[in-house]
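To keep things clear, I will list the structure first and then write my remarks on it.
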Amino acid sequence: MYRLKNPIFLLASASLISCLVLGISLGGKLKEYFELSTPAKAQVLSWEIRKKSANLYYLGAHFRYQTTKGVFESFSLWKKSPYPNAESAKNYLSHLKTTPCMCYYSRSNPEYVTLERFFPYNSLFRWLIAAILTFYFPLFWTNKLKKTLDF
C-alpha cells in the first residue's frame, strides 16, 4: 500500500489551484461589475419572455438609453431571475411594466450595457475561503502533522 509522504503538499496544491481558478473567475466578474458602472434611465420599447428549457423562462427587454455619446438601443435578459413557467414570468412582467428601468453601461463603450448589475459576493466568498485554506494548511498544520504522523 502506498503511503503519502507529505499530505500537506497535496492539500496545499489543491487549495492553491482552486484559489487561482476562483481568483481568475472573480477578476472577470469584478471587471464587468466596475466597467458597467455608469447608470442611465432606460426606456423599454418592448418586453419578451424567452424559453431556455422546459422549466426555465427569462424576461427580456428591448430598450433605449441616452449617453453622452448619443442614443442607443439594446436587448438584455434578466438573468438573475429565471422563472419555472411562462405564467409566473407574465405575472412578474406586469410588475416590471409599472416600475422605472435603469441600465448600466460602459463609459468607454456605451454599447456594452446591462439591465442588471450585481456585486459578485458569492464569488468573492468562495475565493476568500480558498485563499484562507491555501495559507492555512502549509502555515499552521505542517508542524502539527509532523508531530502526530510518522514521516
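Since every read-out is calculated from the coordinates, none of them should be taken as a lab result. Everything quoted here is computed from the prediction, not taken from an experiment. Cβ placement follows ideal geometry from the backbone for every residue including glycine, while neighbour counts extend to all protein chains displayed.
Kindly identify the range 35-138 as rounded, prolate or oblate by the Cα gyration tensor criterion: order the square roots of the eigenvalues as a ≥ b ≥ c, call it rounded if a/c is under 1.5, otherwise compare a/b with b/c, prolate if a/b is larger, else oblate. Since a/c reaches 1.5 but b/c is at least a/b, the shape of the range 35-138 is classed as oblate.
Listed peptides 47-57, 22-32 appear in the order 22-32, 47-57 once ranked by packing, highest mean of other Cβ atoms within 10 Å at the front.
The modelled label-to-label distance between Ile24 and Thr38, using points 7 Å beyond Cα along the C-beta direction, is 3.1 nm.
Taking a straight line from the alpha carbon of Lys52, these aspartates and glutamates sit under 19 Å away, with near neighbours fewer than eight places off in the same chain left out: Glu87, Glu116.
Computed per residue of the chain from DSSP H runs no shorter than four, each worth -39500 (n - 2.57), the mean residue ellipticity at 222 nm is -14500 deg cm²/dmol. Taking a virtual spin label 7 Å from the Cα of Asn85 along the C-beta vector, which residues in the range 46-62 bring their backbone nitrogen under 18 Å of it? Residues 49-59 fall inside that zone. Reported to the nearest whole Å, the Cα centre-to-centre distance from the range 97-132 to the range 52-70 is 15.
With the simple model of a label 7 Å out from the Cα in the direction of the Cβ, Val71 to Ala14 spans 5.8 nm.
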